[in-house]
């Protein structure tokens, strides 16, 4: 385990099939996440990923960096949609920096982008690691 600092960037590819599976799991069947025509009719550039799915990928990165840690909080603002093209996928890139806090807590500042554009605003997490272990893959 490494000391806090810059964490290894994680990349997750989102496909339309992922959006279908997420809709089933979450119960969010809003057609903007699956139907190109509906998405465009409401002014979107195309089918977009669920905001909570994008946030879940950020949480997945935190779990990967801090295996076995207790995630005390995670949050963000949804600032830009992740447009998912038909017949392919789009990459969401999660970068992070960890800083030690008091009482064995670690704050994680995240940067979540798609095609070089930030898609989550002010994403951050706070974790408590077992035995004060630092992040993996830093």
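How much length is gained if the chain between residue 44 and residue 6 is pulled fully straight, taking 0.36 nm per residue apart and subtracting their Cα-Cα distance, in nm to one decimal?
Answer, rounded to one decimal: 10.3 nm.
To the nearest ten degrees, helix 16-26 and the longest principal axis of the Cα atoms of the chain are 70 degrees apart. Length available on full extension from residue 56 to residue 99: 0.36 nm per residue minus the Cα-Cα distance, which gives 13.4 nm.
Every pair of different Cα atoms in the range 1-50 enters the Kirkwood calculation, which places the hydrodynamic radius at 12.8 Å.
Across the range 38-138, Cα-Cα pairs more than 25 Å apart make up 27 percent of the total.
Along each principal axis, taking the top coordinate minus the bottom one, the Cα set of the range 1-92 gives 48, 23, 22 Å in descending order. In terms of surrounding Cβ atoms within a 10 Å radius of their Cβ, 77, 118 rank from fewest to most as 77, 118.
Helix 51-65 axis versus longest C-alpha principal axis of the chain: approximately 30°, rounded to the nearest ten.
Below 8 Å, C-alpha to C-alpha, sequence gap of six or more: please give me the relative contact order for the chain in percent. Before the final figure, lay out the partial values.
Values: 282 pairs, mean separation 48.4, N = 138.
That works out to 35 percent.
Computed from the coordinates by the stated procedures, all read-outs in this text should not be read as laboratory data. Keep in mind it's a predicted model, so treat the numbers as computed, not measured. No Cβ is skipped: glycine too gets one built from the backbone with ideal geometry, and neighbour counts run over all protein chains shown.
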